[in-house]
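Below: one structure, written as structure tokens.
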Amino acid sequence: MPDCWLAAGSIAQTIWNLSCGQPAELGLKDVDLIYFDDRDLSFEAEAGYERRLRELFRTLPINLDVKNEARVHLWYEQRFGYAIKPHLSGADAIATFPTTATAIGGTPNRWQTGVLRPLRT
């Protein structure tokens with residue numbers, strides 16, 4: 001997946017769990033994998049990635065949530081009641097996550113948090 005990140009609550013919850021001496025997976029609702037592909041905004045492409053990743057990680061006790069952040073603006077208003085601007089990248093999307101504690105993401109070579117740079121206006 002292009003511009004792919006492990007992001008949000010799965011990171012924050014794991015850090016809290018380990019900091020408190022709890023099992024890493026305690027209370028994890030899902031594992032957020034985001035990517036940014038503005039060349040294919042179709043739901044089918046996003047669902048295809050999710051199917052393949054769920055199959056790849058089928059032996060792990062996790063629920064994957066895969067989202068193409070390039071297409072979030074297409075459905076956001078219907079779900080949350082107001083429109084947003086299209087994201088410009090995976091890192092840009094992470095910077096707009098609604099809670100500071102979950103505005104975090106990582107790739108094998110890079111970490112991004114929403115608090116390290118101002119939100120785009």
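Taken together, the values in this text are just the output of simple stated rules run on the coordinates, not laboratory data. Owing to the predicted nature of the structure, the values given are computational and were not obtained by experimental measurement. Backbone-built Cβ (ideal geometry, glycine too); neighbour counts: all protein chains shown.
List of remarks:
- Sequence-separation-based contact order of the chain, relative, with Cα cut under 8 Å and 6+ spacing, percent: 28
- Inverse mean reciprocal Cα-Cα distance (Kirkwood Rh) of the chain, Å: 15.1
- Relative packing of 75-85, 38-48, which averages over residues the other C-beta atoms within 10 Å, highest first: 38-48, 75-85
- Neighbourhood net charge (9 Å Cβ-Cβ; Lys/Arg +1, Asp/Glu -1) for D40: -2
- Of all DSSP bridge pairs formed entirely within the chain, close to 65 percent run antiparallel.
- From most to least packed by mean Cβ count within 10 Å, the peptides 92-104, 50-62 give 92-104, 50-62.
- Protection-proxy order for peptides 20-29, 3-12, each taking the mean of Cβ atoms within 10 Å per residue, highest first: 3-12, 20-29
- Only helices enter this figure: runs of n ≥ 4 DSSP H residues, each worth -39500 (n - 2.57), summed and divided by the residues of the chain, yield -9500 deg cm²/dmol at 222 nm to the nearest 500.
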